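In what follows, a structure is listed as structure tokens, so that the remarks can point back to it.
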Amino acid sequence: MSQFFEIHPDNPQPRLIRQAVDIIAAGGVAVLPTDSCYAIACRLDDKGAVERIQRIRQLDKKHNFTLLCRDLSEIATYARVDNVAYRLLKAHTPGAYTFLLRATAEVPRRLQHPKRKTVGIRVPDNAVLQALLMEHDQPLMSTSLILPGQAFPETDAYEIRDKLEHQVDLILDGGHCGIEPTTVVDLTEPAPAVLRQGRASSDALV
């Protein structure tokens, strides 16, 4: 049976944030609100939790997860960022973007693209998630909460509880989230390339 926390979307209660971090730090799988859609996430170095997420979403081993980071300084630990990429990241974070970058040695190999050695990085513009990342003091590994057989992400925390309360450890109800995923931008080549148009505008990216 999962924990279910109703949390204020703009002023998240510190007590609930601390409890949520404790659950994740202990190996928990959590459903979290973001600035695009609900995500399912776990600790970066938790292989068992990653495998649970893969089973819940029925993902193969090649699926690329995304690192949720709190700010630009944290991104530099896990991804190689040149001057061009840095300026673009600074202008568009936090926001509903996922940026593909070359991974550093700090990223476990299982989280990297097997051939390109890239990793998806994002800095969410969501008060609940930012508070959680600050308290956790390291990135979380995540993927959009799109259940098997569904075309769109889950949007309602109560419906998520009905479907997943016996499969995840925590659901943070941060209010209604949208169905549009992030806009995915490849920063591994000299010119940025939009790989998926999502919630965030791509007009100033390319």
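The residues of region 106-131 that are more than 14 Å from LEU67 (Cβ to Cβ), at pLDDT 90 or above and part of a loop (DSSP other than H, G, I, E, B), listed by number, are ASP125, ASN126. Evaluated against (1) over 13 Å from the mean Cα position of the chain (by Cα); (2) at pLDDT below 95, ASN64 falls short on exactly one condition, (1). Scanning region 24-43 for residues that are assigned to a helix (DSSP H, G or I) and either crowded, with 19+ Cβ neighbours inside 10 Å or of a type in the set (Phe, Trp, Tyr) (or both) yields a count of 1. For region 32-43, the criterion of being among the aromatic types (Phe, Trp, Tyr) and at pLDDT 90 or above is met by at least one residue. None of ARG52, ARG43 is over 15 Å from PRO153 (Cα atoms), of a type in the set (Lys, Arg) and in contact with a Leu (Cβ under 9 Å, 6 or more places away or on another chain) except ARG43. For ILE7, the test of being closer than 26 Å to LEU147 by Cβ, in contact with a strand residue (DSSP E or B) (Cβ under 9 Å, 6 or more places away or on another chain) and surrounded by 15 or more Cβ atoms within 10 Å (Cβ to Cβ) is passed. For beta carbons closer than 6 Å, sequence separation of 6+ or different chains, a first residue in region 78-105 that is among the polar types (S, T, N, Q) and part of a helix (DSSP H, G or I) and a second that is loosely packed, with under 15 Cβ neighbours inside 10 Å and at pLDDT 90 or above, there are no qualifying pairs. All conditions but one from (1) touching a Phe, Trp or Tyr at 6+ places or on another chain (Cβ under 9 Å); (2) under 22 Å from SER2 (Cβ atoms); (3) hydrophobic (A, V, I, L, M, F, W, C) apply to LEU147; the one that does not is (1). Of all residues in region 107-117, none satisfies being surrounded by fewer than 21 Cβ atoms within 10 Å (Cβ to Cβ) and among the β-branched types (Val, Ile, Thr).
Within region 83-105, being at pLDDT 90 or above, closer than 22 Å to SER144 by Cβ and hydrophobic (A, V, I, L, M, F, W, C) holds for LEU89, ALA96, PHE99, LEU100, LEU101. Among the strands (runs of 3 or more DSSP E) confined to region 137-206, the ones with at least 2 residues that are surrounded by 17 or more Cβ atoms within 10 Å (Cβ to Cβ) are located at 140-144, 170-173, 183-186. Taking region 59-80 as the range and being crowded, with 22+ Cβ neighbours inside 10 Å and aliphatic (A, V, I, L, M) as the test, the residues that pass are LEU67, LEU68, ILE75, ALA79.
The values are calculated or read from the model by the stated rules, or taken from the named source; none is laboratory data. Keep in mind that what you see is a predicted model, and the values were worked out from it rather than measured. Positions of Cβ are backbone-derived with ideal geometry, glycine not excepted, and every protein chain shown enters the neighbour counts.
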